[in-house]
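The values are calculated or read from the model by the stated rules, or taken from the named source; none is laboratory data. Here the structure is a predicted model, which is why all the values come from computation and not from measurement. Cβ atoms come from the backbone with ideal geometry, glycine included; neighbour counts cover every protein chain shown. Quick note on the areas: whole protein, heavy atoms, side chains included, nothing else; ligands and nucleic acids left out. Shrake-Rupley method; radii C 1.70, N 1.55, O 1.52, S 1.80 Å.
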Amino acid sequence: IPKNLERDDEEYVSLISSLPSDIDFVGRELFKYQESWYGNKMLQAILNFQRGFEPQDTDIIIASFPKAGTTWLKALTVGVTRPVALLERSKHSSDAHPLRLDNPHNLVPFFELDLYAKSSKPDMTNFSSTPRVFATHVPLHTLQEALKNSSCKIVYVWRNVKDVLVSYWYFKSALMKVEAERSLLESMFESFCRGVSYGGPFWEHVLSYWRGSLEDSKNVLFLKYEDLKTEPRVQLKRLAKFLDCPFTVEEEENGSVEEILELCSLRNLKNLEINKIGITSRGVDHKNFFRKGEVGDSKNYLTPEMEKRIDMITEDKFGGSGLKF
Ligand code: A3P
């Protein structure tokens, strides 16, 4: 049981001892809470968040499974919600756009990884202007418990599970400061297929938001990484409209859509000084969030057997849901 528990110790001990537990790909103990798997510290942060978060109806929440395109969606959301004029101005003066000065993860913190990691009443003074933009990797039912029926806007991004897995493998290896070894990919693959990884199972995570978007399309937007790649203009306009800040005709004509896309492009963000040398408040090198951003890159790493097995699970879980996969 972690030190410095803010929750009543006994309550937490009794909760955690009542939960199913399992071991992930690095031998870490995970607990199953509300159908998803988390490590001890994360679980405590989620409980802090569910208990302490005070939502505002204007809040925007970026949700995703890790490595599905969170960084990009954070950047795009900052891009469309900060006045577009700021982009214009920053071209002509030293008054730079926030995305040129900081990594999207510092601009849009995660509830369970950042804000509520240590306390159910974190300091929110940095969020004095509206809309407040937050992020999470928890599934919709767990998030909704914290939102307490307020009408926040939730934007979810998902991605082909095979690319998510390979991206995760590279990211984990970078965090551990080791080369991406095949043995790690193989054990991650097993954990993934069993669903026992942070926030997993992947498929149930996606389905929670997919169903949420069907039930409440005004408050839950469901985006796909691959669609953002193939039709970025259409998807960015969809995002802006959903967030109640649609592009005006004038903005469309003067190229604001393209400018935001360019500012948020992998190439541009990756080459910014702040993303080459910076470190997030959690201690992750900014550069680790930017790799290739290619669709289908997993083909280069997964064996045909691995692909077949994961395709069968996807078919089994998503078939009949109406989700195009
Ligand atoms: P790859 O590892 O396949 O390259 P997340 O942001 O959820 O952690 O996901 C990381 C993945 O998104 C990585 O994928 C990364 O390269 C890609 N990515 C990061 N920023 C991006 C951007 N601005 N545009 C497109 N893809 C981006």
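Numbers at a glance
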read-out	value
Some residue of region 265-275 being farther than 17 Å from residue 77 by Cα, open to solvent by 80 Å² or more (accessible area, probe 1.4 Å), among the β-branched types (Val, Ile, Thr) and outside any loop (DSSP other than H, G, I, E, B)	no
Pair list, Cβ under 8 Å, 6 or more apart: region 97-111 residue under 16 Å from residue 283 (Cα atoms), other residue modelled with pLDDT of 95 or more and among the charged types (D, E, K, R)	104/74; 105/74; 107/74; 108/74
Output for region 17-42, where each listed residue is crowded, with 17+ Cβ neighbours inside 10 Å and either of a type in the set (Ser, Thr, Tyr) or in contact with a helix residue (DSSP H, G or I) (Cβ under 7 Å, 6 or more places away or on another chain) (or both)	24, 25, 31, 33, 36, 38, 42
Tally of residues being modelled with pLDDT under 95, part of a loop (DSSP other than H, G, I, E, B) and open to solvent by 20 Å² or more (accessible area, probe 1.4 Å) across region 59-112	7
Odd one out for residue 256, checked against (1) touching a Phe, Trp or Tyr at 6+ places or on another chain (Cβ under 8 Å); (2) under 21 Å from residue 62 (Cα atoms)	(2)
Contacts under 9 angstrom Cβ, first residue in region 169-180 being open to solvent by less than 50 Å² (accessible area, probe 1.4 Å), partner hydroxyl-bearing (Ser, Thr, Tyr), 6 or more apart	169/301; 180/170; 180/173; 180/301
Residue 150 vs. criteria more than 16 Å from the ligand (Cβ to nearest atom) and open to solvent by 20 Å² or more (accessible area, probe 1.4 Å)	yes
In region 128-146, the residues that are more than 27 Å from residue 32 (Cβ to Cβ) and open to solvent by less than 40 Å² (accessible area, probe 1.4 Å)	132, 133
Meets criteria (of a type in the set (Asp, Glu) and crowded, with 18+ Cβ neighbours inside 10 Å) for residue 123	no
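For every residue, the table says whether it meets (1) within 13 Å of the ligand (Cβ to nearest atom); (2) within 25 Å of residue 130 (Cβ to Cβ); (3) outside any loop (DSSP other than H, G, I, E, B).
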site: 205; (1), (2), (3): yes, no, yes
site: 212; (1), (2), (3): no, yes, yes
site: 221; (1), (2), (3): no, yes, yes
site: 226; (1), (2), (3): yes, no, yes
site: 233; (1), (2), (3): no, no, yes
site: 240; (1), (2), (3): no, yes, yes
site: 245; (1), (2), (3): no, yes, no
site: 259; (1), (2), (3): no, yes, yes
site: 262; (1), (2), (3): yes, no, yes
